[in-house]
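Working notes for the structure below.
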Amino acid sequence: MLQPGKRPTIASRHGMVAAAHPVAAAAGARVLSNGGNAFDAAAATAATLNVVEPYMSGLAGLGMATCYIASEKRVRSLNFMNPVPRRFPLDKLTRREQILRGPVAVGAPGNLGGWCEMVGSYGTKKLDELFAPAIGIARDGFSLIEFNVEEMTGATSELRGHSALYPEWSRTYLEGISGGRPAMGAVLKQPDLANTLEAVAAEGPKLLYGGALGQKIIDRLTELGGCLTMDDLLDSKATWLDPVATTYRGRTIHVPPPPCEAFQYLLTLRILEGFELGKLAHNGTDHIDTVLRAIRVAAGVRIATGVPSPQKLAELLSDGHVESLRARVRDGRPIDGPTEQWTPPRHEGHTTSFSIADRHGNMVCVTQSLGSVFGSGVVVPGTGVCLNNFLYWADVNPKSPNRVKQGDEMPICVAPSIVTQDDKPVLALGTPGSYGILQTQAQAMVHYVDFGLPLQQAIEAPRARLTDGRAVLLESRVERDVHEALRGRGHALTSGPDWTMKVGGMQGVAVDASGTFTGGCDPRRDGYCVPA
């Protein structure tokens, strides 16, 4: 029975798109309805997200995807992160806050290459058709909704203090708004971005990687004192990889391999498989305590390990090692340890994740980001393109064992996942949330698998976000006595609001044995599911 105040289950026999903005989800679903497949729909959804959530999604960001390819009957991951630039001034940096904003924080854009690689390898449509919705929306404008207003208002206050960045940023995002300020219903037009997307649709990704758009990016960054070069752009390449996988309650969860840090998510599930969570009271003290302890233990392993080799990763996920971690979870002693980097960050990321499934059996989960809100704050004049600040997530602490080097692959805390059962795809699930991504997806899987909640309800269920030490932020929809009991078990727990995006903004698509698709979208943001 539908619970008042809850979103209904969205179901379809023909395909499903779950994305962080309803307009983007609709663009992807339209492609599916017009005969495109999940890879085509992914490009259309991503390009439209560039328009309607420009503060966290765009062609100049970076990310990863995990996909089930029906024609090959296998899961593959796509890495469209790029190496640390060759001229990254590591010798001048001692703490990441030095490059939160500005040109030095910009990593070589990977998202456009990733979208085009998915379409080129497995899609059926041309870029001009797939980018058409985004181009039209950028040119005609779209009405701002709640999350648009919140993010743009906050960014305006902060970026106004960056004299080199603010003029072009405000020209693009404030002068383009009817009324000149973010407000519900105000229309944002981005004609420069429309022209850029139109040019990319005509010329392909070479426009960025070695072409005129790439040169405009390099010229702007050079003018501002950045370190990115055309060689860094030419080195950019979206790469297909074999995912890393582990089992959980008869299902197999597939995520990108290192340098992606999603193995923490897998390790958490491996630990939790040793506990009969489904027999515990749902959202009770024992349930939440066990999950929080497993997450903190797994985070400590990830941080201590850095980027593990395949052999080391197999050891971390092995029965013997996992059983030793389960023993630590069982012993009841408080667990005090890091959850972020070797040194704690002070700024959350702004990321987006979307999930798509089509009637052909393909399934796609993409998690991508600009880094922070509006990334570096650098907007390239005349293009409408906002550049990422992904190098802010590079560990630059000279004392850290995980300190990056120029040219290195950079670790990234995303976990776009495909779940299979009996070798068939049954779930695509991903979320934004910085280092919380590796925590909150595990919590949602427990709600979905162990407690049998429908996907939408599993995503809506209360979640927690752990940070360094013993700190935990837990949504207050969990009973108050549970909050108190968790404090008594050693968690430095803060009771948050009923709903907070600090625990992510999850999107998922499931398919059952009958071939019916159900979507799940997160009310903590503007997420929406649209059936084909």
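The values are calculated or read from the model by the stated rules, or taken from the named source; none is laboratory data. From a predicted model like this one, the values you see are computed outputs, not experimental measurements. Using ideal geometry, Cβ is built from the backbone for each residue, glycine included, and neighbour counts are taken over all protein chains shown.
Filtering the range 454-476 down to residues that are in contact with a strand residue (DSSP E or B) (Cβ under 6 Å, 6 or more places away or on another chain) and among the β-branched types (V, I, T), which residue is nearest to A298 (Cα to Cα)? Result: V472. Residues of the range 52-60 include none that is over 14 Å from the mean Cα position of the chain (by Cα), within 28 Å of V426 (Cβ to Cβ) and not basic (K, R).
When the residues of the range 442-469 are filtered to those that are more than 22 Å from F275 (Cα to Cα) and assigned to a loop (DSSP other than H, G, I, E, B), the one that is farthest from the chain's Cα centre (by Cα) is D468.
Of everything in the range 157-208 that is touching a residue at least 60 places away in the same chain (Cβ under 8 Å) and part of a loop (DSSP other than H, G, I, E, B), the residue that is farthest from L387 (Cα to Cα) is G204. Filtering the range 448-505 to residues that are more than 29 Å from R251 (Cβ to Cβ) and of a type in the set (G, A, S) leaves G469, A471, S476, A485, G488, G490, A492, S495, G496. Scanning the range 481-498 for residues that are more than 13 Å from P334 (Cα to Cα), touching a Lys or Arg at 6+ places or on another chain (Cβ under 8 Å) and not charged (D, E, K, R) turns up S495, G496. Being over 22 Å from A43 (Cβ atoms), polar (S, T, N, Q), in the same structural domain as Q311 (by TED's automatic domain parsing) and in contact (Cβ under 8 Å) with a residue 60 or more places away in the chain holds for only one residue in T247, T229, T252, and it is T252.
When we screen R76, R30 for residues that are in a helix (DSSP H, G or I), touching a residue at least 12 places away in the same chain (Cβ under 8 Å) and surrounded by fewer than 23 Cβ atoms within 10 Å (Cβ to Cβ), the only hit is R30. Yes or no: the range 269-282 includes at least one residue that is more than 26 Å from L100 (Cα to Cα) and touching a Gly at 6+ places or on another chain (Cβ under 9 Å). Yes. The residues of the range 478-532 that are free of Cβ contacts under 8 Å to residues at least 60 places away in the same chain, assigned to a loop (DSSP other than H, G, I, E, B) and over 19 Å from S353 (Cα atoms), listed by number, are G496, P497, D498, A513, S514.
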